[in-house]
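Colleague: Below are the structure tokens for one structure; questions will follow.
The values are calculated or read from the model by the stated rules, or taken from the named source; none is laboratory data. Quick caveat: nothing in here was measured; it's all calculated off a predicted structure. No Cβ is skipped: glycine too gets one built from the backbone with ideal geometry, and neighbour counts run over all protein chains shown. Heavy atoms of the whole protein, side chains included, go into the accessibility calculation; ligands, DNA and RNA do not. Shrake-Rupley method; radii C 1.70, N 1.55, O 1.52, S 1.80 Å.
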Amino acid sequence: MSSGTRRRLDPAERRAEILAAARRCFGAGSYSSVSTSDIAAAAGVARPLINHYFGGKRELYLEVVRQMTIVSAPVVDALPDGPPRLRLEVGIDRWIDVVERNRDAWLTVIDAAHDPEVERIMREADEIAADRVLAAALLPANGHPQLRAMIRAYGGMLRAASREWLVRGTLDRAELRTFLVETLVQLLETTYPAVLAQHTSGTGSGG
């Protein structure tokens, strides 16, 4: 695209456009095989803009990881009024939509979990996901350490389940949705109360 026909975007729009191009590029290749020139060409921008907005390829890659793994506020914002189950169903539907739209980038990111910085972002993402799940279930964010631990573990299962859907093909989308919804509802309504009762009983007997 020539400079004369390049669209004029405000900084936030240009940054989002570069991120979208980076998602496509990293999804189609790997971190090592994708260059900043590739991303700039895909975004239709000059390469120095990558450094201007992100600092370099590594920082841009980590921002893609963060964007793909951290459950954004819109996933749980404006959830319908109603029982927690309905709100959780809508939140999971929205998450599946995001993963389906960004299939290749999602798989590239979760397959890179051995990278220490990616692992750190995933730990951050698990904490934020716990906040989002508790908000969707109409539960306070604080005061549930065992529940937060189980939701973090659910996050690891969710990533594994997404591979069953996207890579192995052993679950279709509807089956994945049912699995994720029913497992999460079971965790909140049955598993957590049982663990909490056991914890309370153990604390009492220890005194």
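Colleague: Evaluate the distance, in nm, between pseudo-label points positioned 7 Å from the Cα of T190 and of S35 along their respective Cα→Cβ axes.
Modeller: Inter-label distance under the simple model: 5.6 nm.
Colleague: When only C-alpha pairs under 8 Å and at least 6 residues apart count, what is the relative contact order of the chain, in percent? Write down the numbers at each step before the final one.
Modeller: Numbers: 162 pairs, mean separation 38.2, N = 207.
That works out to 18 percent.
Colleague: Output the Cα-based Rg and Dmax of the chain in Å, rounding Rg to one decimal and Dmax to a whole number.
Modeller: Values for the chain (Cα only, Rg and Dmax): 20.0, 77 Å.
Colleague: Turning to a different aspect of this structure: In µm²/s, what is D for the range 137-207 at 4 °C and 1.567 mPa s, where D = kT/(6 pi eta Rh) by Stokes-Einstein and Rh is the Kirkwood radius from Cα pairs? Walk me through the intermediate numbers first.
Modeller: Numbers: Rh = 13.8 Å.
Diffusion coefficient, whole number: 94 µm²/s.
Colleague: Rounded to the nearest 500, what is the chain's calculated 222 nm mean residue ellipticity when only DSSP H runs of at least 4 contribute -39500 (n - 2.57) each, over all residues?
Modeller: -22500 deg cm²/dmol
Colleague: Sticking with this structure for a sec: Rounded to the nearest 10 Å², what accessible area does T178 show when all protein chains are kept and the probe is 1.4 Å?
Modeller: Answer for T178: close to 80 Å² accessible.
Colleague: Here's a follow-up. Using R₀ = 22 Å, calculate the FRET efficiency as 1/(1 + (r/R₀)^6) where r is the Cβ-Cβ separation of A141 and A113; round to 0.05. Please report the intermediate quantities before stating the final value.
Modeller: Values: r = 25 Å, r/R0 = 1.14.
It comes to 0.30.
Colleague: Right, here's the next one. Average the reciprocal distances over every distinct pair of alpha-carbons in the range 71-165, invert the result, and give the Kirkwood radius in Å.
Modeller: Hydrodynamic radius (Kirkwood, Cα pairs) of the range 71-165 is 14.0 Å.
Colleague: Could you give the dipole magnitude of the chain about its Cα centre, charging the beta-carbon of Lys and Arg +1 and that of Asp and Glu -1, in debye to the nearest 20?
Modeller: On the way: 26 positive and 26 negative charges, 121 e Å.
For the chain, the charge dipole is close to 580 debye.
Colleague: For the chain, which whole percent of the accessible surface, found with a 1.4 angstrom probe, sits on carbon and sulfur atoms?
Modeller: Here it works out to 54 percent.
Colleague: So, one more: Quote to one decimal, in nm, the extra length available between T170 and R66 on full extension: 0.36 nm per residue of separation minus the C-alpha distance between them.
Modeller: 34.7 nm
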